[in-house]
Amino acid sequence: MVIGMLEQYLPFVGLIIFGNIENLVLSSQGVVAGVNPIKLGIASILAVSMWLIVGTFGTQILIDYSAFIECIGGLAIVILGAQAMITSIRGE
C-alpha cells in the first residue's frame, strides 16, 4: 500500500532532494545575515509544511505534467541557489 503511494512521487525525487538542499542554503544565509534563528526556524517549518500540502495535492492532480513541473522546479532551485550564493559572496 505505502510503496504504491510512493511510486507516484518518484518523478519528483530530484526536486525533493535539491529543494531540501536549497532550504538549507537559504536558512544558512538567514543565519549569516543575523536573522533571529527561532523566527527563521518557524518560518522555515511553515514554508515546508505549506509546500508539503501543495505538493501532495498537486502531485495527485498534475501527475501527467511531472516532467514539466520538475524542469521548472529545478530551474527555480538553481536560480534561487545562485542568488543566495551571489548575495553571500557580496556580503549583502
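The values are calculated or read from the model by the stated rules, or taken from the named source; none is laboratory data. The model shown is predicted, which means the values in this text are computed figures rather than measured ones. The area values use the complete protein model at the heavy-atom level, side chains included, leaving out ligands, DNA and RNA. Shrake-Rupley method; radii C 1.70, N 1.55, O 1.52, S 1.80 Å.
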Query raised in the report: For the chain, what % of the accessible area comes from carbon and sulfur atoms, probe 1.4 Å?
Result: 77
Report summary line: Residue span Ala47 to Ile86: 0.36 nm per residue of separation minus Cα-Cα distance leaves a gain in nm of 11.8 nm
Query - Reported label for calculated Cα Rg over 2.2 N^0.38 Å given [x] 1.41; [y] 1.24; [z] 1.06 - result: [y]
